[in-house]
Amino acid sequence: MDDSSSIDVSPDTFQSLGQVVVERIAAHLAGLRDLPVAPDTSPAALRAQLGGGGMPEQGSDAATALTSIADLLFANTCLNGHPRMWGYITGAPSPIGALGDLLAAAANPNVAGWNGAPLATEVENQTVKWIGELVDFSSGCDGILTSGGNAANFVAMLAARRAKADWDVRAEGLAGRRMTVYATRETHAWLDKAADLFGLGTRAVRRVDTDDGLRMNTEHLAHLVRDDRAGGMTPFLVVGSAGTTATGAVDPLPEIGAFCRDHDLWFHVDGCYGAPATLADDAPAALAGMADADSLAIDAHKWLYVPLEAGCTLVRDEQVLTETFATNPSYYAMAAADGGEPVVDYYAMGLQNSRGFRALKVWLTLKQMGRDGYRRAITRNMAQARLMFEALEEADDFETGTCQLSITTFRFVPTDLAGRKDEPAVADYLNDLNAALMTRVQRSGDLYLSNAVVDGRHLLRACIVNFRTTDKDVGSVPERVRALAEPLDRAMRPENAL
């Protein structure tokens with residue numbers, strides 16, 4: 001009996017379905033520049049388009065389901081691949097990476113142990129080492145791919161806790177000790193989440209002062225560590241940023257590394273965004289300090305232009321991950337390769353047991369781009385951030401904030417208020433105006449920016465991790481934003497109040 005809702009399909013049907021999907025994707029990519037960067041929609045509108053209701057009693061035709069959801073997806077998605085998507089640190093996804101995800105899903109290996117996924121395991125192993133080589137971390141590094149930056153940093157924190165505890169922390173837990181972590185307030189929020197989840201408590205995170213460039217003050221770091229040790233705490237981890245989320249600031253990584261070596265602390269670098277900038281022709285010198293780190297987190301789905309999800313934890317000591325995560329229940333017994341050759345079992349190196357083949361899209365993109373391709377693309381993105389900054393500096397009605405790595409921050413300041421921007425009432429109004437402007441920009445569909453708060457100023461923020469962005473795109477930012485800002489200022493400004 002024919003069953004139209006059967007989950008299986010014939011090879012011919014699969015081929016025809018795949019052809020429809022690939023053709024729609026190709027058309028979407030071809031017209032990407034002309035599409036709205038983000039939809040102006042609402043949860044209610046999307047639920048209505050999806051049809052509402054509960055789980056269907058009867059299955060539906062696969063072709064109908066695929067084509068209908070493709071139409072909805074492309075029309076109602078914030079398009080990370082759009083050349084003027086600069087709001088978040090999510091890179092434009094490589095087309096070869098998207099095809100890699102299709103291949104990976106079709107084979108569907110569980111990359112937990114080598115036995116169940118031999119080729120996928122070796123691809124991930126090679127990919128991890130390639131990433132380490134790409135950012136000059138360590139030629140002999142080891143590591144694991146994760147879902148993203150949070151997970152990559154989590155793995156590193158747990159490894160640091162295991163390595164620096166002078167007791168069996170896996171068996172005894174914290175056992176009454178108060179372990180402390182050091183980072184600036186510019187560090188991503190993963191750190192508070194990890195301190196909470198892993199038993200340290202958020203008060204264990206010591207916030208190190210920053211300089212005028214929002215970089216870690218190592219003198220204050222030394223003061224905090226000294227005082228905590230004197231107070232009976234157990235300092236164990238310092239987190240340096242290779243490109244902060246808000247402004248792209250790079251901490252003085254060589255100095256932090258030297259301090260950690262001298263004081264027996266684990267040095268971790270959160271390079272989820274900025275680590276690839278070490279490839280650029282004009283890379284910040286401080287990025288060389290990544291080579292001194294005990295661990296490094298990097299997101300391939302950020303500046304390596306890989307589709308979500310793809311994070312990576314790199315560690316200098318190849319044993320530290322298995323010492324941190326390995327368990328040995330009888331049902332995890334894995335046979336060695338022929339001849340007794342040692343193999344990699346990723347379930348013993350991280351937080352997940354069931355693991356998809358996320359390495360394939362990363363491997364394919366690295367293979368296609370090569371070191372030189374990344375060097376040119378990343379150098380170009382950094383130059384485009386500077387070009388945007390310079391175009392905004394030349395405009396009378398914009399005030400520039402910061403320009404570091406590929407992030408530029410700025411705000412709209414009406415020319416008649418420029419001389420009064422430090423007056424409390426005007427300063428408050430400019431913050432309100434630029435906060436509202438960010439929303440207006442995001443809903444416009446023309447370009448997409450986010451925000452950063454620097455010295456109490458609400459700034460607009462553009463982060464360029466996009467291989468489709470052109471110099472013309474970034475040079476047009478003052479004109480595009482002004483077209484939205486001027487009518488908003490007229491509508492918002494209180495009469496006779498400023």
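When the residues of the stretch 394-411 are narrowed to those that are in contact with a Leu (Cβ under 6 Å, 6 or more places away or on another chain) and surrounded by fewer than 24 Cβ atoms within 10 Å (Cβ to Cβ), which ends up farthest from Asn381 (Cα to Cα)?
So the residue we want is Phe398.
Name the residue, out of Ala326, Ala348, that is at pLDDT below 95, among the hydrophobic types (A, V, I, L, M, F, W, C), touching a Ser or Thr at 6+ places or on another chain (Cβ under 6 Å) and within 17 Å of Val155 (Cα to Cα).
One residue alone meets the criteria, Ala348.
For the stretch 256-268, state whether one or more residues are closer than 24 Å to Thr408 by Cβ, in the same structural domain as Arg185 (by TED's automatic domain parsing), within 20 Å of the chain's Cα centre (by Cα) and not polar (S, T, N, Q).
No, there is no match, as no residue in the stretch 256-268 is closer than 24 Å to Thr408 by Cβ, in the same structural domain as Arg185 (by TED's automatic domain parsing), within 20 Å of the chain's Cα centre (by Cα) and not polar (S, T, N, Q).
Looking at the stretch 92-129 only, could you name the residues that are of a type in the set (Gly, Ala, Ser), out of contact with any Gly (no Cβ under 9 Å at 6 or more places or on another chain) and exposed (fewer than 14 other Cβ atoms within 10 Å of the Cβ)?
Result: Ala106, Ala107.
With surrounded by 13 or more Cβ atoms within 10 Å (Cβ to Cβ), at pLDDT 95 or above, farther than 30 Å from Arg371 by Cβ and in contact with a helix residue (DSSP H, G or I) (Cβ under 8 Å, 6 or more places away or on another chain) as the only criterion, which of Leu221, Leu145 stands out?
Leu221
Please determine whether any residue of the stretch 482-493 is touching a Gly at 6+ places or on another chain (Cβ under 8 Å) and at pLDDT 95 or above.
No, because not a single residue in the stretch 482-493 is touching a Gly at 6+ places or on another chain (Cβ under 8 Å) and at pLDDT 95 or above.
For (1) exposed (fewer than 12 other Cβ atoms within 10 Å of the Cβ); (2) over 25 Å from the mean Cα position of the chain (by Cα), each residue gets a yes or a no:
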position: Ile7; (1), (2): yes, yes
position: Asp12; (1), (2): yes, yes
position: Leu17; (1), (2): no, yes
position: Val22; (1), (2): no, yes
position: Ala26; (1), (2): yes, yes
position: Pro39; (1), (2): no, no
position: Ser42; (1), (2): yes, yes
position: Gly81; (1), (2): no, no
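Just to check your reading of the model, which residue among Val481, Val413 is without any contact (Cβ under 8 Å) to a residue 40 or more places away in the chain, touching a strand residue (DSSP E or B) at 6+ places or on another chain (Cβ under 7 Å) and over 26 Å from Pro284 (Cα atoms)?
Criteria check complete, one pass: Val413.
Take residues that are closer than 22 Å to Ile256 by Cβ, touching a residue at least 40 places away in the same chain (Cβ under 8 Å) and of a type outside the set (Asp, Glu) and tell me which of the helices (runs of 4 or more DSSP H) falling wholly in the stretch 140-204 contain 2 or more.
Filter on the stretch 140-204 gives 149-164, 190-197.
Residue check, Glu124 against (1) within 17 Å of the chain's Cα centre (by Cα); (2) part of a helix (DSSP H, G or I), all met but one. Which one?
Just one mismatch for Glu124, condition (1).
Name the strands (runs of 3 or more DSSP E) wholly within the stretch 396-498 that hold at least 1 residues that are of a type in the set (Lys, Arg)?
Ranges flagged: 407-412, 457-463.
Out of (1) touching a helix residue (DSSP H, G or I) at 6+ places or on another chain (Cβ under 7 Å); (2) more than 22 Å from Gly243 (Cα to Cα); (3) among the basic types (Lys, Arg), the odd one out for Arg177 is which?
It is condition (1) that Arg177 fails.
Going through the stretch 444-475 one residue at a time, which ones are farther than 19 Å from Trp303 by Cα and either assigned by TED's automatic domain parsing to the domain that holds Gly31 or among the hydroxyl-bearing types (Ser, Thr, Tyr) (or both)?
Passing the criteria: only Ser444.
Could you count how many residues in the stretch 260-282 are surrounded by fewer than 20 Cβ atoms within 10 Å (Cβ to Cβ) and out of contact with any Asp or Glu (no Cβ under 9 Å at 6 or more places or on another chain)?
So the answer is 5.
Taking only pairs six or more apart or across chains, which ones have beta-carbon atoms under 8 Å, a first residue in the stretch 40-63 that is closer than 22 Å to Leu17 by Cα, and a second residue that is surrounded by 11 or more Cβ atoms within 10 Å (Cβ to Cβ) and hydrophobic (A, V, I, L, M, F, W, C)?
What qualifies is Leu50/Leu72; Ala62/Val9; Ala62/Leu17; Ala63/Leu17; Ala63/Val20.
Which residues, taken from the stretch 74-89, are within 21 Å of Gly475 (Cα to Cα) and in a loop (DSSP other than H, G, I, E, B)?
Listed by number, the residues that qualify are Leu79, Asn80, Gly81, His82, Pro83, Arg84, Trp86, Gly87, Tyr88, Ile89.
Looking only at the stretch 291-336, how many residues end up being assigned to a helix (DSSP H, G or I) and either more than 12 Å from Asp142 (Cα to Cα) or not β-branched (Val, Ile, Thr) (or both)?
Count: 13.
The values are calculated or read from the model by the stated rules, or taken from the named source; none is laboratory data. Worth saying up front: this structure is predicted, and the values here are computed from it rather than measured. Every residue, glycine among them, receives a Cβ derived from its backbone with ideal geometry; neighbour counts consider all protein chains shown.
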